[in-house]
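A quick write-up on the structure given underneath.
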Amino acid sequence: MKKIIEIMNLDPSEFTRILILLGIIYVTLAILSPILIRNKKNRKRKAKYINSNMQNVDLMKGIEFEEFLLVHLNNNGYKCKLTKATNDYGADLLIEKNNIKTVVQVKRYSKKVGIKAIQEVSGAKGYFKADKTLVITNNYYTKNAIALAKANNVELWNRDKLKKIMKNKNTQDVATEIIKKTLIDKKCPICGSEIIHTEGEVAIRCSNRMCPARLKWRVKYYASRDAMDIDHLGGSTIDKLIEKNLIDNIADLYFLKKEDILTLEGFKDKSAQNLIDSINNSKKQDLSRLIYGLGIRHVGKYAAQLLASKYNSIDKLAKASPEELMGIDGLGDKTAEAVGTFFATDENIELIKRLKDIGVKTHEEKKTQLPFQGKKFVFTGGLSSISRPDASDLVKQVGGIVSSSVGKDIDYVVVGDKPGSKYKKAEKLGLNIINEEKFKELVGKK
């Protein structure tokens with residue numbers, strides 16, 4: 001230390017002050033860094049859903065729900081504003097209609113909600129002069145909190161209440177139930193049409209087939225990486241195509257010309273050509289990707305693979321009866337019914353015809369003697385030398401099927417870096433667990 005002072009030619013007292021100052025700076029940074037990081041994550045999380053046109057309402061949780069509700073209610077005659085959108089306590093929203101004010105707060109805790117929460121919610125009610133207060137938690141309340149809530153006329157919903165409301169389904173999505181049952185007129189926030197709620201489901205849907213938000217969702221889903229994998233076709237580009245009336249359904253994508261894309265803001269000659277090329281390349285995708293990309297209700301990637309394996313063309317699938325579909329092992333009655341309903345709709349039949357006419361691949365040659373025909377694979381953890389979509393394609397090429405969940409019927413569990421709960425479940429079930437290198441060896445990937 002003395003040598004440092006001598007080298008820097010400092011007075012000992014000055015050196016002490018510098019050390020103290022550095023210590024203060026270090027402590028300040030240590031305190032502020034977690035806060036700054038958390039705020040940044042919250043902003044990103046909010047932006048992701050604010051920009052999504054509120055199509056997938058059933059996916060919204062926490063702050064996203066508050067943002068959705070804010071837009072929706074203001075579009076339907078309510079006066080609605082955020083109050084303390086990121087606080088655990090207090091009021092998240094203040095809603096007013098017909099001179100009745102409601103304070104809404106959604107709490108997601110790993111522990112019981114106590115007196116402090118009720119006190120602060122009651123304070124918010126008084127501060128905003130609200131008539132009603134609704135507090136929701138996915139846990140429970142302490143006895144003292146319940147007593148205080150009763151005394152202050154604060155309505156409480158706990159885990160049991162939510163299970164009852166949602167008919168014992170997953171209670172994670174509180175937001176949709178509030179929207180459906182208590183707070184809004186049943187109108188789409190985008191086009192104003194009636195909203196449809198299917199009994200037994202959490203999701204709510206717009207009834208207008210021409211709703212811009214529905215069209216955006218269908219196109220975005222069709223172009224997604226797990227479906228037709230159309231690069232350069234993001235949400236903002238889809239919005240611009242819809243605004244300029246360049247597309248009315250997914251088949252219209254294949255009629256776009258480079259000149260059409262150049263009319264969109266942000267596109268130059270090269271980027272426009274890249275999008276056109278990507279759209280044209282998607283015509284060659286395999287049948288399971290097309291089936292998945294059509295957005296048939298209840299048909300995920302796994303079900304799409306089952307259907308593509310059973311029927312090697314979209315025409316054969318369209319002619320399958322509900323009874324025949326229900327007989328497919330692993331498909332499920334709801335999925336079979338949804339497939340039958342989809343292909344019984346004239347609009348969808350016309351869509352398939354247009355896709356076929358434009359050259360989209362709607363059938364595959366029946367492959368025989370594939371080494372892993374019908375074998376089921378599950379992936380968990382990160383793969384180092386191959387992407388997950390490419391690994392899934394390799395499985396399909398050898399006749400296999402990729403599942404998203406672990407069960408006794410799974411033939412191979414491919415484990416990568418930092419595997420999740422699927423790995424533990426596979427061990428418990430005694431399944432065949434292999435690493436990435438063994439997987440590539442099996443499917444013939446060098």
### Query
Going by the alpha-carbon gyration tensor, a ≥ b ≥ c the square roots of its eigenvalues, is region 203-287 rounded (a/c under 1.5) or, if a/c is not under 1.5, prolate (a/b greater than b/c) versus oblate?
oblate
### Query
Using a simple spin-label model with points 7 Å from Cα along the Cα→Cβ vector, what separation in nm is obtained for D333 and D269?
6.1
### Summary
The pairs in K216/K301; K132/K216; K319/K425; K375/K424; K220/K257; K316/K396 lying past 28 Å Cα-Cα in this model are K132/K216; K319/K425
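Before anything else, pin down the relative contact order of region 287-357: Cα pairs under 8 Å, at least 6 apart, normalised by residue count, whole percent.
29
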### Query
Which percent of Cα pairs goes in each bin when the distances of region 287-357 are cut into 5 angstrom slices starting at zero?
3, 18, 32, 31, 12, 3, 0
### Task
Averaging sequence separations of C-alpha pairs under 8 Å and six or more residues apart, then dividing by the length of region 309-421, give the relative contact order as a whole percent.
25
### Summary
Label model pair K150, K353: point-to-point distance (7 angstrom along the Cα→beta-carbon line) in nm is 6.7
### Message
For L383, L275, which order do you get if you count the other beta carbons within 10 Å of each Cβ and list the fewest first?
### Response
L383, L275
### Task
Check each of the trypsin sites (Lys or Arg not before Pro) in region 233-274 and keep only those in coil by DSSP with at most 14 other C-beta atoms within 10 angstrom; list them in order.
K244, K257, K268
### Under Karplus coefficients 6.51, -1.76 and 1.60, residue-wise ³J(HN,Hα) of region 305-316 in Hz, glycine/proline x
5, 4, 5, 5, 6, 6, 10, 8, 8, 5, 5, 5
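Any read-out appearing in this document is the output of simple, stated calculations on the displayed coordinates, not a laboratory observation. Owing to the predicted nature of the structure, the values given are computational and were not obtained by experimental measurement. Neighbour counts run over all protein chains shown; Cβ positions are idealised from the backbone, glycine included.
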